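Report on the structure given below.
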Amino acid sequence: IEDLPERFNAASDLLDPNLAAGRGAKTAVIDGAGETSYDALADRVARMAGVFASLGVRREQRVLLCLVDTVDFPTVFLGAIRAGVVPVPLNTLMTPDDYRWMLANSDAAAVFVSSELAHHWAEIAADFPHVRFVSSGGGPWLSLAALIDESDTAEIPPAPTHRDDVAFWLYTSGSTGRPKGAMHTHASMRLTANLFGIGVMGIGEGDVVLSVAKQFFAYGLGNALTFPFAAGATVVLHEGRATGEAITTLICRHKVTVLGGVPTFFAGWFATGTAPTKGAAPALRIATSAGECLPAHLGEAFRARYGGDIIDGLGSTEMLHIFLSQRPGAVKYGCTGKPVPGYETRIVDDAGHPVGPGELGELQVRGPTAAIGYWRNQPKSRATFQGEWMRTGDKYSCDADGWYTYGGRGDDMLKVGGIYVSPIEVEEALVCHAAVLEAAVVGAPDADGLIKPRAYVVVRPGETADETLEAALKAHVKALLAPYKYPRWIEFREELPKTATGKIQRFRLRQTA
Ligand code: 3SK
């Protein structure tokens, strides 16, 4: 961190060097609407910074971004940071109830919404009349395009922020309670790029990058915004669902060289035969994977077809990106690799003492990109950020040669397609269905060994536990929660295993799942 100047604005740090290096005419972003050069992107970002002043949004105030992946995302995100305003990208798969809570929790002054997501916000907007709502499509709200057009850049310099000032937040979910807003500094984006994007992945100006994970995730933000801009590369953005077909089309059309994926994506890509041949995607040289452990056969399939490796890694929203990973050219599939240079990790037992080689314990990490804490959540900040060390909540072992292997979560959280799912939240959704007496949810492996939620349900007397009810319960959960959280399998039971004090024993269900 000390190598960065004290006065440091993450938005100008990512864009200005590209202009200084003569890359102004180079394509920075390709999205469904066309190409945006570095010059044009820098202009949009500077105009956007002016929009905040015109909306009356001041430095350090929060603004929420509920945006799909188009050039509007980096425009609003970096425009806010340039102005010293704090952007908070939101998961676009959440429910109106989640959004209402995050708006109240963050005290945001404005919300930027992609027009296709505006229906989630209509009622909320009516209840928060003091908040400015801006839509990519206008409608009843302010129009983002019009605001940018009308904004006078007048060479307004970037806000003179400090490298340790809060630049943006990302919400992250835990097993209980509401999401927590992890606050990240201006320095952290540059540091994740230097340490992992450029340092490990070797992303350079010749690369064309595509991320399956959207920009609102910490993983996608690094893959599809921080790393390509820090390296002067080109990023391809896809606003729709990252289906195998869609990703393959983009890889072939735009000669993608670096793909940011997750295991669920790679599994479907190879299983359905939608992954392109080497001949159709000759430029593809390397991929990353995160979110959950990459089964070895997927890495091997990628290497056999494209020659390069999938670099599996572990990161967290709190650390902003990957801190433990494989290395190109020295990959050992089946484990998560070794600490990324610049980070230190340790594995400790319940008393906080380091464990020996091969022994399981909690993984802790320290490094310069740790969040400075959770917004308005002192107890969870204290529990997670302990001095320089951050508790990951993941169980790991490390062998005598320094390779780290995942051993499960320390809590009951599941990672589904790379996104945290709280079993408790799914259980609560199930039990509010009229037919359900009790429910327990655990993670169970699918055919590729990837974890999905599995529910055990006891029905109320008089209810019929059959396929019709199973389908109804899945639909019920999908309607209440973000859809990826629904249980893929439901097993009806007469009773659930419990302790003497009545607590459901999920570990027993896990043994049979
Ligand atoms: O899931 C991960 O491993 C991850 C990687 C990078 C950034 C954020 C996360 C949660």
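The values are calculated or read from the model by the stated rules, or taken from the named source; none is laboratory data. If you're wondering where the values come from, they're calculated on a predicted model, not measured in any experiment. When we count neighbours, we look across all protein chains shown, and the Cβ atoms used for this are built from the backbone with ideal geometry, even at glycine. Remember, those area values only see protein heavy atoms, side chains included, never the ligands or the DNA or RNA. Shrake-Rupley method; radii C 1.70, N 1.55, O 1.52, S 1.80 Å.
Quick look at the values:
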{"quantity": "Subset of region 219-240 [over 23 Å from Tyr420 (Cβ atoms), open to solvent by 10 Å² or more (accessible area, probe 1.4 Å) and within 16 Å of the ligand (Cβ to nearest atom)]", "calculated": "Ala230"}
{"quantity": "Residue within region 295-303 that is closer than 24 Å to Asp411 by Cβ and either of a type in the set (S, T, N, Q) or within 16 Å of the ligand (Cβ to nearest atom) (or both) present", "calculated": "yes"}
{"quantity": "Complete set of residues in region 484-513 that are in a helix (DSSP H, G or I) and loosely packed, with under 12 Cβ neighbours inside 10 Å", "calculated": "Phe507, Gln511, Thr512"}
{"quantity": "Among the residues listed as Thr249, Thr272, Thr277, Thr243, the single one being more than 24 Å from the chain's Cα centre (by Cα), open to solvent by 20 Å² or more (accessible area, probe 1.4 Å) and either of a type in the set (A, V, I, L, M, F, W, C) or at pLDDT 95 or above (or both)", "calculated": "Thr277"}
{"quantity": "Matching option when the condition is open to solvent by 30 Å² or more (accessible area, probe 1.4 Å) and touching a strand residue (DSSP E or B) at 6+ places or on another chain (Cβ under 9 Å), among Ala434, Ala383", "calculated": "Ala383"}
{"quantity": "Sole residue being away from the ligand (no atom under 16 Å from the Cβ) and under 21 Å from Gly220 (Cβ atoms), chosen from Ala281, Ala370", "calculated": "Ala281"}
{"quantity": "Filter result for Leu324 (on the phi < 0 side of the Ramachandran plot, open to solvent by less than 10 Å² (accessible area, probe 1.4 Å) and within 16 Å of the ligand (Cβ to nearest atom))", "calculated": "yes"}
{"quantity": "Odd one out for Lys415 among (1) closer than 23 Å to Trp489 by Cα; (2) free of Cβ contacts under 8 Å to residues at least 40 places away in the same chain; (3) of a type in the set (Lys, Arg)", "calculated": "(2)"}
{"quantity": "Complete set of residues in region 299-312 that are touching a strand residue (DSSP E or B) at 6+ places or on another chain (Cβ under 7 Å) and either surrounded by fewer than 20 Cβ atoms within 10 Å (Cβ to Cβ) or farther than 11 Å from Val331 by Cβ (or both)", "calculated": "Gly308"}
{"quantity": "Of residues in region 418-443 being of a type outside the set (Asp, Glu) and out of contact with any Leu (no Cβ under 9 Å at 6 or more places or on another chain), the one farthest from Glu494 (Cα to Cα)", "calculated": "Gly418"}
{"quantity": "Total residues in region 176-210, condition within 24 Å of Arg382 (Cα to Cα) and either β-branched (Val, Ile, Thr) or surrounded by fewer than 17 Cβ atoms within 10 Å (Cβ to Cβ) (or both)", "calculated": "5"}
{"quantity": "Selection count, region 417-431, where residues are within 27 Å of Ala370 (Cβ to Cβ) and surrounded by fewer than 23 Cβ atoms within 10 Å (Cβ to Cβ)", "calculated": "7"}
{"quantity": "Pick from region 126-141, criterion among the aliphatic types (A, V, I, L, M) and outside any loop (DSSP other than H, G, I, E, B), ranking: surrounded by the fewest Cβ atoms within 10 Å (Cβ to Cβ)", "calculated": "Ala126"}
{"quantity": "Test for Glu292: is it surrounded by fewer than 23 Cβ atoms within 10 Å (Cβ to Cβ), of a type in the set (Asp, Glu), assigned to a loop (DSSP other than H, G, I, E, B) and in contact (Cβ under 8 Å) with a residue 40 or more places away in the chain", "calculated": "yes"}
{"quantity": "Only listed residue being farther than 30 Å from Leu117 by Cβ and open to solvent by less than 50 Å² (accessible area, probe 1.4 Å), chosen from Leu450, Leu481, Leu473, Leu469", "calculated": "Leu469"}
